[in-house]
Amino acid sequence: MIKYLDVAKHTIINDVTLPLEDGGTTQIDHILVSNFGAFVIETKNLSGWIFGSEHQAKWTQTIHRSKYPFQNPLRQNYKHTKTLVHLLDIPHELFHSVVVFTPNSELKTKMPNNVGHLKEMMLYIKSFNEEVSDNQTKLEIINLVESIKLQ
């Protein structure tokens, strides 16, 4: 993913597990920290047809007439973003939710702009071209995430 972006302006942190207030944990696939905001990325390694909408609690994966429900990844990312805002004490506006599906899947319903396959999501991320933080703030976010994530 990072190979498609300007490495001077983007840093990716993979597989971040964070503590929750209730004593549980939440796992974030990727956090892409940049001068254009922090992108909270949920990757879905699913095949088959994918059906869902922004506001549905469950989406459906269909493979050869068999249907498998799964949690709406936008809702997962909402929880991830809320956790980051709480733990890092950083404004919600700096975070952007992104859901990336692998090429083995076909999205059969209209999805929001922040849900798609890798190439589409790289274009979505690159569409944020107004810098909202300087390099110092970007480094502070990276260091904060690294300091609070569970090993």
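The values are calculated or read from the model by the stated rules, or taken from the named source; none is laboratory data. None of these values were measured; they are calculated from a predicted model. All Cβ positions, even for glycine, are placed from backbone atoms using ideal geometry, and neighbour counts span all protein chains on display.
List of remarks:
- Identity of the residue in segment 3-31, in contact (Cβ under 8 Å) with a residue 12 or more places away in the chain and not in a strand (DSSP E or B), that ends up surrounded by the fewest Cβ atoms within 10 Å (Cβ to Cβ): GLU21
- Looking only at residues of segment 99-109 that are touching a residue at least 40 places away in the same chain (Cβ under 8 Å) and assigned to a loop (DSSP other than H, G, I, E, B), we find that the one that is nearest to the chain's Cα centre (by Cα) is THR102.
- Which numbered condition GLY23 fails, given (1) in contact with a strand residue (DSSP E or B) (Cβ under 6 Å, 6 or more places away or on another chain); (2) farther than 25 Å from LYS119 by Cα: (1)
- Residue check, ILE63 closer than 27 Å to HIS86 by Cβ and either out of contact with any Asp or Glu (no Cβ under 6 Å at 6 or more places or on another chain) or at pLDDT below 95 (or both): no
- Sole residue being under 12 Å from the mean Cα position of the chain (by Cα) and farther than 22 Å from LEU150 by Cβ, chosen from GLY116, GLY52, GLY48: GLY116
- Residue in segment 85-94 that is modelled with the highest pLDDT, counting only those that are closer than 19 Å to ILE125 by Cβ and surrounded by 13 or more Cβ atoms within 10 Å (Cβ to Cβ): LEU94
- For segment 112-129, the criterion of being in a loop (DSSP other than H, G, I, E, B), in contact (Cβ under 8 Å) with a residue 12 or more places away in the chain and surrounded by fewer than 14 Cβ atoms within 10 Å (Cβ to Cβ) is satisfied by at least one residue.
- When SER97 is tested against (1) surrounded by fewer than 16 Cβ atoms within 10 Å (Cβ to Cβ); (2) at pLDDT 95 or above, just one condition goes unmet, and that condition is (1).
- Residues that are surrounded by fewer than 12 Cβ atoms within 10 Å (Cβ to Cβ) and charged (D, E, K, R) were ranked within segment 59-84; the one that is farthest from the chain's Cα centre (by Cα) is ARG65.
Per-residue answers, yes or no, for (1) within 26 Å of ILE141 (Cβ to Cβ); (2) in a strand (DSSP E or B):
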residue: ILE50; (1), (2): no, yes
residue: LYS67; (1), (2): no, yes
residue: GLN76; (1), (2): yes, no
residue: THR83; (1), (2): yes, no
residue: SER97; (1), (2): yes, yes
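- The set of residues from segment 100-111 being surrounded by 12 or more Cβ atoms within 10 Å (Cβ to Cβ) and of a type outside the set (S, T, N, Q) comprises VAL100, PHE101, GLU106, LEU107, LYS108, MET111.
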